[in-house]
Amino acid sequence: MTNEQKELIKATVPILKEHGVLLTSHFYNRMFTHNPELKNMFNMGNQQNKKQQTALAMAVLAYAENIENPAVLMPAVDSIGQKHTSLDIRPEHYAIVGKHLIASISEVLGEGATPAILDAWTAAYLQLASIMSGHEQSLYDNQVKKEGGWTGWRPFIVKEKVKESDEITSFYLYPADGGPVADFTPGQYLSVRLFLPELNLLQPRQYSISCAPNGSYYRISVKKETHAVHPDGMISNHLHYFINEGDMIEITAPAGNFVLAENDRPVVFISGGVGQTPLMSMLETLVQRKTTQPKTWIHGCKAANAHAFKSIIAEWSDGNETLNTHFFYDTPAEGQTDVISGWVELNRFDQQVLSPEADYYICGPAPFIKKHYEYLTAHGVGKEAIHFEEFGPASLQLN
């Protein structure tokens, strides 16, 4: 890109701040109209709730703001790249996206989209596509280097389906080809793809792996959604109601960069509802390794009937002086004394529990993450020690 083109990109930042979601909404409508086959690759639930449009608008804005030094965006590039490899996004898809993005800029800006601005954004997009596809190729290469590694969609058999609570059910997935299972880093997720007759589409969804690496299977633990008619919960509910032991589903290799750090610092896990699933993988790994670092488990859910993995957490903590557990219930049973009533509140703990020297892992809804992130930073915990994952397209800009 020329310096003049970079200046033109920066000049569009105010427009992106004000009209970014309008632009990305137009883009998705245009792309799905001209390339409807891509609906099979995108979460159409996130299209309906506008999360994907918002996430893309934020990403485009961040790129424009840092056009002179895109290297500062590498953490975001990695997060997006991890998601893309989990969805089997390939370089040819960038060409389709680029065509519709530039056309959308022209159509939304109208006379404001001068030939110079369109040329600048074409050059900027080609640069971004090169950065993204190059990084994603390295991720694909790393996948196939692993024993049992693969790229693309691979069939797995549901050998066990275990109810963990009234809301959450676990699915134990074994490779249909009988081959080895690639290792993963605790905290990672995989994508599941199912055909939804209601939409007449294949639909992918990401689910955290909820067990420690074991060489034999992956386990995902899925929350049943009440809004079954909305695409947001269709895959989760399809798994609950229609996928049984012995059935086959397609998944991609583990991906994600919300992972357990390799150090001996104290660790604090903070989760809300089904947000505990990636943290389960992390904690089980530490328990299996018999690490001596202090481990604190803080979890909140609706009530006892919604509390998944309570028994196994109790088993791990029984007689284990390095693991302390704290549970919050929105509505505990009358006379129940082993839980704290209400939502998760970190101000109930002192520095012996919430040490500034600890690593923190937070997972749950976006407001849950934001609340606890801000509490921790306000009480002396460094941002670099706080790790979080928001389910769905990223909307939080905290670090």
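The values are calculated or read from the model by the stated rules, or taken from the named source; none is laboratory data. This is a predicted model, so every value here is computed, not measured. Here the Cβ is made from the backbone with ideal geometry for all residues, glycine too, and neighbour counts use every protein chain on show.
Checked against (1) surrounded by 15 or more Cβ atoms within 10 Å (Cβ to Cβ); (2) on the phi < 0 side of the Ramachandran plot; (3) among the aromatic types (Phe, Trp, Tyr), Trp343 passes all but a single condition, namely (1). Of the residues making up region 127-147, those that are surrounded by fewer than 15 Cβ atoms within 10 Å (Cβ to Cβ) and either more than 15 Å from Ile80 (Cβ to Cβ) or touching a strand residue (DSSP E or B) at 6+ places or on another chain (Cβ under 8 Å) (or both) are Asp141, Asn142, Val144, Lys145, Glu147. Listed by first and then second residue, the pairs with beta-carbon distance under 9 Å, at least 6 apart or on different chains, first residue in region 50-66 and under 14 Å from Tyr125 (Cα atoms) and in the same structural domain as Ser25 (by TED's automatic domain parsing), second outside any helix (DSSP H, G or I) and not hydroxyl-bearing (Ser, Thr, Tyr), are Leu56/Pro393; Ala59/Ala394; Ala62/Gln397.
Out of all the residues in region 83-91, is one or more without any contact (Cβ under 8 Å) to a residue 40 or more places away in the chain and of a type in the set (Val, Ile, Thr)? The answer is no, given that none of the residues of region 83-91 is without any contact (Cβ under 8 Å) to a residue 40 or more places away in the chain and of a type in the set (Val, Ile, Thr).
Let's see how each residue does on (1) over 24 Å from His387 (Cβ atoms); (2) surrounded by fewer than 17 Cβ atoms within 10 Å (Cβ to Cβ):
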{"site": "Val287", "(1), (2)": "no, no"}
{"site": "Ile298", "(1), (2)": "no, no"}
{"site": "Phe309", "(1), (2)": "no, no"}
{"site": "Gly335", "(1), (2)": "yes, yes"}
{"site": "Val339", "(1), (2)": "yes, no"}
{"site": "Glu357", "(1), (2)": "no, yes"}
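Per the conditions (1) of a type in the set (Ser, Thr, Tyr); (2) under 29 Å from Gln288 (Cα atoms); (3) within 18 Å of the chain's Cα centre (by Cα), the sole criterion not satisfied by Ser236 is (2). Per the conditions (1) outside the structural domain of Lys83 (by TED's automatic domain parsing); (2) in contact (Cβ under 8 Å) with a residue 24 or more places away in the chain, the sole criterion not satisfied by Glu107 is (1). A search for C-beta distances below 7 Å between a residue of region 182-200 that is farther than 13 Å from Cys211 by Cβ and any residue that is among the hydroxyl-bearing types (Ser, Thr, Tyr), counting only pairs 6+ apart in sequence or on different chains, returns Ser191/Ser86; Ser191/Thr252; Val192/Tyr207.
Looking for whichever is touching a Cys at 6+ places or on another chain (Cβ under 8 Å), at pLDDT 95 or above and under 21 Å from Ser210 (Cβ atoms) here; the options are His299, His307. Which one fits? Steps first, please.
Working: His299 fails: touching a Cys at 6+ places or on another chain (Cβ under 8 Å).
Only one candidate passes the filter, namely His307.
Among residues of region 134-155 that are touching a residue at least 12 places away in the same chain (Cβ under 8 Å), those with a Cβ under 7 angstrom from a residue that is assigned to a helix (DSSP H, G or I) and acidic (Asp, Glu), sequence gap 6+ or separate chain, pair up as His135/Asp78.
Do we find that Thr24 is over 17 Å from Ala113 (Cα atoms) and β-branched (Val, Ile, Thr) in this structure? Walk me through it before giving the result.
Details: over 17 Å from Ala113 (Cα atoms): no; β-branched (Val, Ile, Thr): yes.
So Thr24 does not fit the description; no.
When Pro115, Pro75 are checked against the criterion of being in the same structural domain as Asn40 (by TED's automatic domain parsing), surrounded by fewer than 17 Cβ atoms within 10 Å (Cβ to Cβ) and at pLDDT 95 or above, Pro115 stands alone in meeting it. A single member of Leu56, Leu61 is within 24 Å of Val192 (Cα to Cα) and not acidic (Asp, Glu), and it is Leu56.
Among the helices (runs of 4 or more DSSP H) lying completely within region 44-126, list those that include at least 2 residues that are more than 30 Å from Gly187 (Cα to Cα).
Answer list for region 44-126: 51-65, 91-109.
Do we have any residue at all in region 258-274 that's assigned to a helix (DSSP H, G or I) and not assigned by TED's automatic domain parsing to the domain that holds Phe171?
Narrowing region 258-274 to residues assigned to a helix (DSSP H, G or I): 273-274.
Keeping just the survivors that are not assigned by TED's automatic domain parsing to the domain that holds Phe171 gives 273-274.
Yes.
Looking at Gly233, Gly300, Gly256, which is the one that is among the small types (Gly, Ala, Ser) and closer than 19 Å to Tyr373 by Cα? After applying the criteria, what remains is Gly300.
Just for strands (runs of 3 or more DSSP E) wholly inside region 288-380: which have at least 2 residues that are under 25 Å from the mean Cα position of the chain (by Cα) and without any contact (Cβ under 8 Å) to a residue 40 or more places away in the chain? If you could, list the steps in order and put the result at the bottom.
Numbers: elements: 295-301, 323-329, 359-364.
Answer list for region 288-380: 295-301, 323-329.
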